[in-house]
Amino acid sequence: MIVFEYVAEALFLGFVALTFMGGFMAIRSKMLMHAVLGLAVSLLGVAGLYFHLGSPFLAMMQILIYVGAVCIIIVLGVMIGNTPDQLAAKKQSRKNLPLALFTCALGFIGLFVAIISRTTFTAASDKIGDMSIRFVGENLLYQYCLAFELISVVLLTAIIGAIILARDGREEKTS
Amino acid sequence: MISANLNSYLIIAAVLLVIGLYGMMQHRSLIGMLISSEFILNGAALNFMAFNRFVAPNPAVGQIYALFIMGIAAAEAAIAVSIIIAVYRKFQSEDPEEIQDMKM
């Protein structure tokens, strides 16, 4: 039994490494395609973390929606990015790099101190329900019905808006 | 057992937030900034799930919020990519420093 716990711990560390390495790949690479690949790897790692948090359903949704849909949408945007030749010819201005590093270091240290020093999150005494898909579905369709309806309206609006935005530019070009 | 501890998940989420912030400030293209914003959203969703697992009394709420964030992120990515393509048609560039006026 103790062996399985060590295996789960090793898997957890592996998912954390996947998340961080994908993140660093996404923010350090000049080529946008590599950045999207890093994003996909990082999101897979986060899906593994969701699995560790006891929700296989959300891990599946993370892979389906983020890795499957969002990354593909961003890949469609990569076609306007620079080619490697253009990147080599272009001079990279690095004037806000120290500022970015300073802000991020400061923000992380602040968050880290806040998390470490405040460890008094008291767990709820009794849990109602469990992590099953059935319970999530019942909550989603009864108590949190507004969120469910709202997300469908938002997605519909986004689809219509994306179509209108993309079509307007094309009409302007042909006329 | 660091995988059964709330603080480790909070620190992972903080690192994701910082990665997103750094990429947002450092990337020289609009698509790169969009990619970085996905990291910030993921950090928020991971925070919701961690509190849902260890603190919240109703274990469905955090999952519903994380699903909500995923839907918002999908809508945001679709809208942002179409806006970036429209901007690129106008300016023939996706460098945020070259896009300086909003005249159509």
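The values are calculated or read from the model by the stated rules, or taken from the named source; none is laboratory data. None of the values given here were measured: they were computed from a predicted structure. Note that each Cβ is placed from the backbone with ideal geometry, even for glycine, and that neighbours are counted across all protein chains shown. Side chains included, ligands, DNA and RNA excluded: accessible areas come from the protein's heavy atoms. Shrake-Rupley method; radii C 1.70, N 1.55, O 1.52, S 1.80 Å.
Remarks
- Chain A: C-alpha gyration tensor shape, a/c 1.5 cut-off, then a/b vs b/c: oblate
- By the rule of a C-alpha distance below 14 Å, with chain neighbours fewer than 8 residues away ignored, the aspartates and glutamates paired with A:Lys90 are B:Glu94, B:Asp95, B:Glu97, B:Glu98.
- 3J(HN,Hα) couplings calculated from phi for the stretch A:3-14 with the Karplus curve 6.51 cos²θ - 1.76 cosθ + 1.60 (θ = phi - 60°) are, in sequence order, 5, 5, 5, 5, 5, 5, 5, 5, 5, 4, 4, x Hz; Gly and Pro show x.
- Chain B, relative contact order in percent, only Cα pairs under 8 angstrom and at least six apart counted: 25
- MRE, 222 nm, helices only [DSSP H, n ≥ 4, -39500 (n - 2.57), over the protein assembly as shown, to nearest 500]: -25000 deg cm²/dmol
- Extended-chain gain in nm, criterion 0.36 nm per residue less alpha-carbon gap, A:Arg167 and A:Thr120: 11.6 nm
- Whole-Hz Karplus values for the stretch A:97-113 come out as 5, x, 5, 5, 4, 5, 4, 5, 4, 4, x, 5, 5, x, 5, 4, 4 Hz, taken residue by residue from phi with 6.51 cos²θ - 1.76 cosθ + 1.60 and θ = phi - 60°; glycine and proline positions read x.
- FRET efficiency estimate (nearest 0.05) - Cβ-Cβ, A:Phe102 to B:Leu6, R0 35 angstrom: 0.75
- Residue order by solvent-accessible surface for B:Phe39, A:Phe102, B:Phe48 is A:Phe102, B:Phe48, B:Phe39, largest first, with ligands and nucleic acids left out and a 1.4 Å probe.
- The stretch A:1-83, relative contact order [Cα under 8 Å, separation at least 6], %: 27
- Tensor-based shape of the stretch A:1-83 (alpha-carbon gyration tensor, a/c under 1.5 rounded, otherwise prolate or oblate): oblate
- Applying both filters, DSSP loop and at most 15 other Cβ atoms within 10 Å, to the GluC sites (Glu not before Pro) of chain B gives B:Glu97, B:Glu98.
- Pair B:Asp101, A:Phe112: separation of 7 Å Cα→Cβ label points (nm): 4.7
- Integer Hz, Karplus 6.51/-1.76/1.60 couplings in order for the stretch B:54-69, x for Gly and Pro: 9, 10, 5, x, 9, x, 8, 5, x, 5, 5, 5, 5, 5, 4, 4
- Normalising the average separation of contacting C-alpha pairs (under 8 angstrom, six or more residues apart) by the number of residues puts the relative contact order of chain A at 14 percent.
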